[in-house]
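Engineer: Let me give you the structure first, and then I'll get to my questions.
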Ligand code: ADP
Ligand code: ADP
Ligand code: ZN
């Protein structure tokens, strides 16, 4: 089963995707993570994407769709994919249809995390992740159980994204409103969109998503 998690920056896509991975053995396909890995590696894609990401604008459709295709080919047989942060434009939605069809996969569900924009700046400016395993945290909303120690892997090293600042967040929200929100009707027409209250506690959001994918 393949699903898309859709929502503006800070809606909780990554947080919920990590939980689905743990519970259902699905694979999280985050184009943001793939691009950050490319930037870190200094690959040609990374060199092209770095400045665009720092500004909070969207990287080209061709680049991200190619990354998604490669990652899908690396999945185990029968393993479901969670698309996190992709598709983000109408062109990407169209590419995803072709990419899935070519591999005999079908999109089961698009889950939209509905959030109040005013809460997103606080979420994003408090976001950090484990530098070793990538588990996500928040200064206020999701702290490690033992301060300074990752719950999942025990690492003491954490990192913050350079684009998680108030200015860039505003640009990213603008991109979401202008280019990503308009793709919802494509999926609504297919009757596969479900909405979840993304302002609820992290555990309650997970419970709502579980309810949707079980039905
Ligand atoms: P968030 O989930 O917080 O919005 P992401 O990690 O998904 O952030 O994305 C970070 C940045 O990477 C985006 O601002 C954009 O520059 C780039 N990016 C990620 N996914 C895509 C995509 N599907 N299309 C274009 N650009 C993308
Ligand atoms: P996205 O991938 O959509 O950009 P994240 O999952 O990274 O968003 O969440 C952004 C930040 O907000 C993280 O620091 C995360 O711990 C926190 N967060 C996620 N979901 C919630 C929630 N339901 N309530 C409060 N904080 C949340
Ligand atoms: Zn860790």
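Engineer: How do 34, 1, 26 rank when sorted from fewest to most other Cβ atoms within 10 Å of their own Cβ?
Structural biologist: Working: 34 22, 1 15, 26 19.
Fewest to most other Cβ atoms nearby, the residues stand as 1, 26, 34.
Engineer: Would you report the distance distribution of C-alpha pairs in region 20-66 as whole percents per 10 angstrom bin, up to the bin with the largest distance?
Structural biologist: Percent of pairs per bin, in order: 26, 48, 20, 7.
Engineer: How long is the gain from residue 43 to residue 118 if the chain were fully straight, where each residue apart is worth 0.36 nm and the alpha carbon distance is subtracted? List each step's numbers first, then the result.
Structural biologist: Details: separation 75, 0.36 × 75 = 27.00 nm, distance 3.57 nm.
Length difference between fully extended and current span is 23.4 nm.
Engineer: Then there's this: First measure r as the distance between the Cβ atoms of residue 60 and residue 215, then evaluate 1/(1 + (r/R0)^6) with R0 = 30 Å and state the FRET efficiency to the nearest 0.05.
Structural biologist: On the way: r = 36 Å, r/R0 = 1.21.
Efficiency computed from Cβ-Cβ geometry: 0.25.
Engineer: Stokes-Einstein diffusion coefficient for region 1-90 at 20 °C in a medium of 1.002 mPa s, Rh from the Kirkwood formula over Cα pairs: what value in µm²/s? Let's see the in-between values first.
Structural biologist: Working: Rh = 13.6 Å.
For these conditions, the coefficient is 157 µm²/s.
Engineer: Between residue 188 and residue 153, what is the FRET efficiency for a Förster distance of 41 Å, r being their Cβ-Cβ separation, to the nearest 0.05? Show your work: numbers first, answer last.
Structural biologist: Working: r = 39 Å, r/R0 = 0.96.
With R0 = 41 Å, the Cβ-Cβ based efficiency is 0.55.
Engineer: Along its principal axes, what span do the Cα atoms of the chain show, with the longest given first and each in whole Å?
Structural biologist: Result for the chain: principal-axis Cα extents of 45, 41, 35 Å.
Engineer: Could you give P(r) for region 71-191, binned at 5 Å from zero, as whole percent values over all Cα-Cα pairs?
Structural biologist: Going from the shortest bin to the longest, the percentages are 2, 9, 15, 16, 15, 17, 15, 9, 2, 0.
Engineer: In addition: Please work out the C-alpha center-to-center distance from region 1-80 to region 85-113 and express it in whole Å.
Structural biologist: Centre-to-centre (Cα) distance: 13 Å.
Engineer: If you don't mind, another one. Using a 10 Å cut-off on Cβ atoms, rank the peptides 45-53, 13-21 from the highest mean neighbour count down. Don't skip to the answer; put the middle values down first.
Structural biologist: Values: 45-53: 16.7, 13-21: 21.7.
Ranking the peptides 45-53, 13-21 by packing returns 13-21, 45-53.
Engineer: Could you give the nm distance between label points at residue 91 and residue 201, where each point is 7 Å from its Cα heading toward the beta carbon?
Structural biologist: Here the modelled spin labels are 4.4 nm apart.
Since every read-out is calculated from the coordinates, none of them should be taken as a lab result. The structure displayed is predicted, hence computed values, not measured ones. Glycine gets a Cβ as well: all are built from the backbone with ideal geometry, and neighbour counts include every protein chain shown.
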